[in-house]
Amino acid sequence: MKKESKKVKKGGIFWTPRIIVIVLALFLAIFSFDVFESCNSFLSCLLGLFMHNLPSIFLLVILAISWKHEFFGAIIFLSLGVLSLLGLIAILLFAKAPGILKLNPVLIILSIITLIVGFLFLKDKRRTK
């Protein structure tokens, strides 16, 4: 007997969260270029570049795992989004310094993007069931 393979058409709901995470990792990697302003040696530049790119590397590792296991990606990205929003709310509520009350809108946007990516991975997982 011939095994019938279930091929699912990979449309926009498949590619959208993956492309968003790649663009997000590249966006975060842009901020690592400021390490070259304060380098003393090649080794310190290399170490600084690695440290500045840890968030991008972290996102790409999660994306690599989530590529086949959408439910894992949904859980991780939803958790990241919720935790980062809770952290921002905690800063607003419990900050004693007056200057810290001005939150950077980029942090809020990044939190919302991770929530959207998590929901898209969840929707993609439900679509392939």
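The values are calculated or read from the model by the stated rules, or taken from the named source; none is laboratory data. It should be emphasised that the depicted structure is a prediction, and the values quoted were computed from it without experimental measurement. When we count neighbours, we look across all protein chains shown, and the Cβ atoms used for this are built from the backbone with ideal geometry, even at glycine.
Taken together, Leu43, Leu26 contain a single residue that is more than 22 Å from Asp124 (Cα to Cα), under 15 Å from the mean Cα position of the chain (by Cα) and assigned to a helix (DSSP H, G or I), which is Leu26. Scan the range 70-78 and tell me whether some residue there is assigned to a loop (DSSP other than H, G, I, E, B), at pLDDT 90 or above and surrounded by fewer than 17 Cβ atoms within 10 Å (Cβ to Cβ). No: the range 70-78 contains no residue that is assigned to a loop (DSSP other than H, G, I, E, B), at pLDDT 90 or above and surrounded by fewer than 17 Cβ atoms within 10 Å (Cβ to Cβ). Of the residues making up the range 41-69, those that are hydroxyl-bearing (Ser, Thr, Tyr) and loosely packed, with under 15 Cβ neighbours inside 10 Å are Ser41, Ser44.
Remark: pairs (first residue in the range 27-39, within 17 Å of Ile109 (Cα to Cα) and modelled with pLDDT of 85 or more; second residue of a type outside the set (Ser, Thr, Tyr) and part of a loop (DSSP other than H, G, I, E, B); Cβ separation under 6 Å; 6+ apart in sequence or on different chains) = Ala29/Asn53. Residues in the range 60-79 that are farther than 15 Å from Ile20 by Cα and not β-branched (Val, Ile, Thr): Lys68, His69, Phe71, Phe72, Ser79.
Which count do you get for residues in the range 94-116 that are at pLDDT 80 or above and exposed (fewer than 11 other Cβ atoms within 10 Å of the Cβ)?
The number of residues fulfilling the criteria is 3.
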